[in-house]
1. Quick one: is residue A:59 closer than 30 Å to residue B:176 by Cβ and either in contact with a helix residue (DSSP H, G or I) (Cβ under 7 Å, 6 or more places away or on another chain) or more than 14 Å from chain B (Cβ to nearest Cβ) (or both)?
2. If residue A:152 satisfies all but one of (1) surrounded by 22 or more Cβ atoms within 10 Å (Cβ to Cβ); (2) in contact (Cβ under 8 Å) with a residue 40 or more places away in the chain, what's the number of the condition it fails?
3. With respect to residue B:180, is the statement that it is in contact (Cβ under 8 Å) with a residue 40 or more places away in the chain and surrounded by fewer than 17 Cβ atoms within 10 Å (Cβ to Cβ) true?
4. Would you point out which residue out of A:226, A:252, A:216 is touching a residue at least 24 places away in the same chain (Cβ under 8 Å), out of contact with any Ser or Thr (no Cβ under 7 Å at 6 or more places or on another chain) and over 23 Å from residue A:195 (Cα atoms)?
5. Within the range A:62-98, can you find the residues that are in a loop (DSSP other than H, G, I, E, B), within 10 Å of chain B (Cβ to nearest Cβ) and free of Cβ contacts under 8 Å to residues at least 60 places away in the same chain?
6. Of all residues in the range B:2-53 being outside any helix (DSSP H, G or I) and within 14 Å of another protein chain (Cβ to nearest Cβ), which is farthest from the chain's Cα centre (by Cα)?
7. Please list, ordered by first then second residue, the pairs with beta carbon atoms under 8 Å, 6 or more apart or interchain, first in the range A:232-243 and under 13 Å from residue A:184 (Cα atoms), second among the hydroxyl-bearing types (Ser, Thr, Tyr).
8. When you go through A:226, A:252 one by one, which is the residue that is part of a helix (DSSP H, G or I) and either of a type outside the set (A, V, I, L, M, F, W, C) or modelled with pLDDT under 90 (or both)?
Amino acid sequence: MEPVSPSLFAAKSYRTPALVLRTHKLGEADRIVVLLTPEHGQVRAVAKGVRRTSSKLGATLEPFMFVDVQLVRGRTLEVVTQAQLRAPYGQALAADYARYTSAHAMAETAERLTETDGESGAAQFRLLHGAVAALARGDTDPGLLLDSYLLRALATAGWAPSFTDCVRCGAPGPHTAVNIPLGGVVCHDCRPAGSQSPAPETVGLLAALLSGDWSRANGSPPGARREAAGIVAGYLQWHLERVVKSLKHVERA
Amino acid sequence: MYEGAVQELIDELGRLPGVGPKSAQRIAFHILEADPEDMKRLSDAIRAVKERVKFCSICFNVSEQETCAICRDPRRDETVLCVVEESKDVMAVERTRSFRGRYHVLGGSINPIAGIGPDQLHIRELLNRLSDDRIEEIIIATDPNLEGEATATYLARMLKTIGIKVTRLASGLPVGGDLEYADEVTLGRAFEGRRSLIG
């Protein structure tokens, strides 16, 4: 095998900020890390030897860590050559079970949405980074943060729901019926069979979560939060066409 | 594609963890060329492990009997229980020769993205074991990674109400290393877990 010249190595390597979405064990002591980056979208890279207790990169490349990584392009997977920790969100999340499970559901959704869609990578990265940082701060109900993130992530991917105007005719709200396949609220005239009739506070909460109206969301009653979570989960599954495994493990208040 | 038995062997070997198609092919041809007696011993060992080895009904460690050697040993300290993720972690702790209590193997760690929650682990069985009044301390020895920490957080919350002493293995600097090479998270943990040298 011919040695790689320093200039070729430099051309094949790049540096990027990234959020670690998840890790998989590989071989004896390696891991595959799935990263979400602002410029390169989702990147899968091999981190060699990180499962050894002597590894300097092991703690840095844990899920939900915000890192600066140096990567070398490989044939199928990139290789991590350096990583520097910028914010250890994972540490705070592991100390609170409800926040930990919510972060997993966010990461799984982000992984699915960025698997093939490279165009919205920067927006998805900003959205997930903001949500994970807010989860790690711990000053907001993790269930609300999760539902807000899921709605906005789907909107960024091109599946924006509407919880104010009728999704079929555009009649201004408020409306009381929600139809998941149509993508939000429907007016009395457009309401198809199989639409849900959630409480008006639930529809208001969904609109607040989508627009980021946190004063309204934080003041919502527990019943509306539970009902909204069910609608968001249904909307997510409808568009992803696959079950988000983490959602059933999410611990809600 | 090879014919019949060779391809079947390559396919089966390729399903093992850490073995890719190239390695599977290399191992298959090694088996073909190796001494038949050696390979018979290998196949007997695989058959024996599948037929004889099961999980201990008390701690879920691997065992050839209903209960494992550690659970059967009356000299072990039955007041201390060490909770680990996998059977291989039992062996790692045993090698230290500094723990004489008993074990409970969870069978993994909480990892929702992989579909593993508390119900997929032996947590309910752990809580059942704690009805034994002799247990005074639980040492949580899950892996020092995010999933292991989250599992420890969950267990600590479950065990808080029972009134048994719950401890977690210390995290920090590896013995024999230089401080300047420690990463931020590990060094931070070492500061959090520092101990007094006097008194």
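1. Values: closer than 30 Å to residue B:176 by Cβ: yes; either in contact with a helix residue (DSSP H, G or I) (Cβ under 7 Å, 6 or more places away or on another chain) or more than 14 Å from chain B (Cβ to nearest Cβ) (or both): yes.
It is true that residue A:59 is closer than 30 Å to residue B:176 by Cβ and either in contact with a helix residue (DSSP H, G or I) (Cβ under 7 Å, 6 or more places away or on another chain) or more than 14 Å from chain B (Cβ to nearest Cβ) (or both).
2. Failed condition: (1).
3. Details: in contact (Cβ under 8 Å) with a residue 40 or more places away in the chain: no; surrounded by fewer than 17 Cβ atoms within 10 Å (Cβ to Cβ): yes.
It is false that residue B:180 is in contact (Cβ under 8 Å) with a residue 40 or more places away in the chain and surrounded by fewer than 17 Cβ atoms within 10 Å (Cβ to Cβ).
4. Details: A:226 fails: over 23 Å from residue A:195 (Cα atoms); A:216 fails: touching a residue at least 24 places away in the same chain (Cβ under 8 Å).
The match here is A:252.
5. Here is the first cut: in the range A:62-98, the residues in a loop (DSSP other than H, G, I, E, B) are A:62-65, A:73-77, A:88, A:95-96.
Still in the list and also within 10 Å of chain B (Cβ to nearest Cβ): A:62-65, A:88, A:95-96.
Within the range A:62-98, A:62, A:63, A:65, A:88, A:95, A:96 qualify.
6. Our first condition is that a residue be outside any helix (DSSP H, G or I); within the range B:2-53, this holds for B:2-3, B:15-20, B:34-35, B:53.
After this cut, where a residue has to be within 14 Å of another protein chain (Cβ to nearest Cβ) as well, the list is B:16-20.
Working: B:16: 18, B:17: 16, B:18: 18, B:19: 21, B:20: 24 Å.
Among those that are outside any helix (DSSP H, G or I) and within 14 Å of another protein chain (Cβ to nearest Cβ), it is B:20.
7. Close Cβ pairs (under 8 Å, with a partner that is among the hydroxyl-bearing types (Ser, Thr, Tyr)) amount to A:236/A:109.
8. Values: A:252 fails: part of a helix (DSSP H, G or I).
Just one listed residue meets the conditions, A:226.
The values are calculated or read from the model by the stated rules, or taken from the named source; none is laboratory data. Note that the coordinates shown come from a computational prediction; the quantities given were computed from them, not determined experimentally. Note: ideal-geometry Cβ built from the backbone for every residue, glycine included; neighbour counts use all protein chains shown.
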